[in-house]
Amino acid sequence: MSLSGKVVSETEIEATAAKFYNIFRKQLGDVPSISPEVHENSVHEGDWENIGSVKHWEYTIEGRKHTTKEKIESLDDENKVIIYSVYDGDVADSYKSFKVTLPVIDKEHGGVVKWSIEYEKLKEDITAASPDSYLVLFAKITKDIDAHLVKE
């Protein structure tokens, strides 16, 4: 089994791609009030929206509470793509690198949210949640945000 890899998931949404992307671009602080999977998030360095900004997250995966930090690595507002570097906390115990890419794609009705995780494990047997478990978490958060946006 490989120590590095990439996993990808796609979730269709009813909300427009622009509205969904805006949550991650301008309203990230609202996510804990939208999705019960996220317990807390706060700015650790910088602000909510700019490259280099660092946020602290607390969330649940597989019934267990986790904490981590993420930093915005790049923003492409025209194509609705954000790349995050995830580190510290539970992720740092098992991964050398953990990069999350979020592109939100327009469709005729609604959109598609793609999540991809590129990772490198520190060793074969890890104690942190698997990248696939993170994709499950991201899909739940995506569905919660979509439901929130559709009822607005």
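Answer yes or no as to whether Thr127 is touching a residue at least 24 places away in the same chain (Cβ under 8 Å) and under 15 Å from Glu12 (Cβ atoms). No; evaluated as a whole, the condition is false for this residue. Inspect the range 27-43 for any residue being open to solvent by 70 Å² or more (accessible area, probe 1.4 Å) and either of a type in the set (Gly, Ala, Ser) or at pLDDT below 95 (or both) and give the result as yes or no. Checked against the condition, which is being open to solvent by 70 Å² or more (accessible area, probe 1.4 Å) and either of a type in the set (Gly, Ala, Ser) or at pLDDT below 95 (or both), the range 27-43 yields at least one hit. So for the range 48-61 (the condition being touching a His at 6+ places or on another chain (Cβ under 8 Å), surrounded by fewer than 16 Cβ atoms within 10 Å (Cβ to Cβ) and closer than 24 Å to Val150 by Cβ), does at least one residue qualify? Checked against the condition, which is being touching a His at 6+ places or on another chain (Cβ under 8 Å), surrounded by fewer than 16 Cβ atoms within 10 Å (Cβ to Cβ) and closer than 24 Å to Val150 by Cβ, the range 48-61 yields at least one hit.
Whether any residue in the range 97-109 is under 17 Å from Glu58 (Cα atoms), modelled with pLDDT of 95 or more and not aliphatic (A, V, I, L, M) is what I want to check. Within the range 97-109, one or more residues are under 17 Å from Glu58 (Cα atoms), modelled with pLDDT of 95 or more and not aliphatic (A, V, I, L, M).
Looking only at residues in the range 108-143 that are open to solvent by 30 Å² or more (accessible area, probe 1.4 Å) and part of a strand (DSSP E or B), the one that is farthest from Ile82 (Cα to Cα) is Glu120. Listed by position, the strands (runs of 3 or more DSSP E) enclosed by the range 11-93 that each have at least 2 residues that are in contact (Cβ under 8 Å) with a residue 40 or more places away in the chain and under 16 Å from Lys140 (Cβ atoms) are 54-61, 64-76.
Among the residues of the range 54-91, just one is β-branched (Val, Ile, Thr), within 11 Å of the chain's Cα centre (by Cα) and farther than 16 Å from Val31 by Cβ, namely Ile83. Flag set for Tyr87, criterion: in contact with a Lys or Arg (Cβ under 9 Å, 6 or more places away or on another chain) and crowded, with 17+ Cβ neighbours inside 10 Å. The one condition from (1) among the hydroxyl-bearing types (Ser, Thr, Tyr); (2) modelled with pLDDT of 95 or more; (3) more than 12 Å from the chain's Cα centre (by Cα); (4) open to solvent by less than 10 Å² (accessible area, probe 1.4 Å) that Ser94 does not meet is (2).
The values are calculated or read from the model by the stated rules, or taken from the named source; none is laboratory data. If you're wondering where the values come from, they're calculated on a predicted model, not measured in any experiment. Every residue, glycine among them, receives a Cβ derived from its backbone with ideal geometry; neighbour counts consider all protein chains shown. Each accessible area value is taken on the protein alone, full model and side chains, heavy atoms only, with ligands, DNA and RNA left out. Shrake-Rupley method; radii C 1.70, N 1.55, O 1.52, S 1.80 Å.
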